[in-house]
1. Over 19 Å from the mean Cα position of the chain (by Cα), at pLDDT 95 or above, within 24 Å of Arg11 (Cα to Cα) and open to solvent by less than 30 Å² (accessible area, probe 1.4 Å) - does that describe any residue in the stretch 231-240?
2. Here are some residues: Ile213, Ile179, Ile227. Which one is over 25 Å from Asn93 (Cβ atoms) and surrounded by 17 or more Cβ atoms within 10 Å (Cβ to Cβ)?
3. With the requirement that a residue be more than 7 Å from the ligand (Cβ to nearest atom) and closer than 21 Å to Ala239 by Cα, what does the stretch 284-309 give you?
4. How do the pairs read when you match residues in the stretch 305-323 that are modelled with pLDDT of 95 or more with residues anywhere that are open to solvent by 70 Å² or more (accessible area, probe 1.4 Å) and within 8 Å of the ligand (Cβ to nearest atom), using Cβ under 6 Å and keeping only pairs 6 or more apart or on different chains?
5. Taking Glu312 and the conditions (1) among the acidic types (Asp, Glu); (2) crowded, with 18+ Cβ neighbours inside 10 Å; (3) away from the ligand (no atom under 11 Å from the Cβ), which numbered condition does it fall short on, given that it satisfies the others?
6. Mind listing just one residue for me: the one in the stretch 230-281 that is touching a Ser or Thr at 6+ places or on another chain (Cβ under 9 Å) and among the charged types (D, E, K, R) and, of those, farthest from the ligand (Cβ to nearest atom)?
7. If the Cβ limit is 6 Å and pairs must be 6+ apart or interchain, which residue in the stretch 143-157 that is closer than 19 Å to Ile199 by Cα pairs with which residue that is of a type in the set (Val, Ile, Thr) and surrounded by 14 or more Cβ atoms within 10 Å (Cβ to Cβ)?
8. Which condition breaks for Lys134 when tested against (1) outside any helix (DSSP H, G or I); (2) surrounded by fewer than 22 Cβ atoms within 10 Å (Cβ to Cβ)?
Amino acid sequence: MYSDRVLMQVRNLTVDYVGDHSVARAVNGIDFDIREGEAFGLAGESGCGKSTVAFALARLTRLPGLVSGGEVRLNGEDVLKFDKARLKAYRWNEVSFVFQSAMNALNPVIPVSEQIMDVIETHQPDLGAEGARKRASELFDLVGIPSRRLDDYPHQFSGGMRQRICIAIALALQPRLIIMDEPTTALDVVVQRDIIEQIVELKGRLGFSVLFITHDLGLMIEFCDRIGVMYSGELVEVAPAEAILTNPRHPYTRALGNSFPPLIGPRLRMEGIPGTPPDLRSLPEGCRFAPRCPHAMDVCRSVAPELRAYPELRSEAACHLLN
Ligand code: SF4
């Protein structure tokens, strides 16, 4: 269960990719909050800006990417203004990360014990080597891996276990927010379910928040409390996960939901979403979804809809149909 207290406040976040002759605005001034103890999901097609947002929140954006505007507030401090020393304390202590490819995230020629202890010793030098090893062993227990395997190398673990090790590293300093970018995408569905269940259990027990990114809307609805749906660098709907499933309001959210087969019930012909997302270097006027939207009206092709709050539904959406 999550509280109403806001942990991280993202305002007008803008990220560009700068080329020699053009600039692509990958994230166009988006606003959202992540609350304490909440799993907040970012959904959308590939290239919609989900991972770009995650990298910006973690201050991991690298050229040609550039965070060109906005604020990311944690406890009132703007993460985007942190200097090097503050950034070191921020990463892992306050916000940590689990990315898709566990094999690439772990160094293949170093035992995992050293990799976990490295994070602990760097940020909590007072613990010393013995304390760091004890903590690493506790973390293995926490994610269900026998601590006798602490000194094994990454290749000696299965894909699911490697991802659990990455989760253990992310939990090492008890951060308040873990950013998970496609954490289970490379795993088979059974292992994927095990890992998600474990994250849910750990989240309930330890009380951290999660920013969860995946293209799998079904998995996201199951795991997240609230979901923000992104299209072409903008948030088009933010709503409780259940509402995204049962009462999606934005035509893009509905189309996204219709692209996934239901697990039960009669066989259906899947509709998919016709067309492709627009080129970020030459965007259509008005609503960015208009060229693919079955409900597009004249106003949609000239005026960009703003994300409006619908307090009675605890949701926000950006669509002229809803005005
Ligand atoms: Fe469709 Fe218009 Fe709504 Fe955009 S604003 S999603 S084009 S109805």
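The values are calculated or read from the model by the stated rules, or taken from the named source; none is laboratory data. Here the structure is a predicted model, which is why all the values come from computation and not from measurement. Here the Cβ positions follow ideal geometry from the backbone for every residue, glycine too, while neighbour counts run over all protein chains shown. The accessibility values were calculated without ligands, DNA or RNA, using every heavy atom of the protein model including side chains. Shrake-Rupley method; radii C 1.70, N 1.55, O 1.52, S 1.80 Å.
1. Checking the stretch 231-240: not a single residue is over 19 Å from the mean Cα position of the chain (by Cα), at pLDDT 95 or above, within 24 Å of Arg11 (Cα to Cα) and open to solvent by less than 30 Å² (accessible area, probe 1.4 Å).
2. From the options Ile213, Ile179, Ile227, the qualifying one is Ile227.
3. Within the stretch 284-309, Arg288, Ala304, Glu306, Leu307, Arg308, Ala309 qualify.
4. Partner pairs satisfying both residue conditions: Leu321/His295.
5. The failed condition is (2).
6. Arg281
7. Going by the 6 Å Cβ cut-off, the qualifying pairs are Val143/Ile167.
8. The failed condition is (1).
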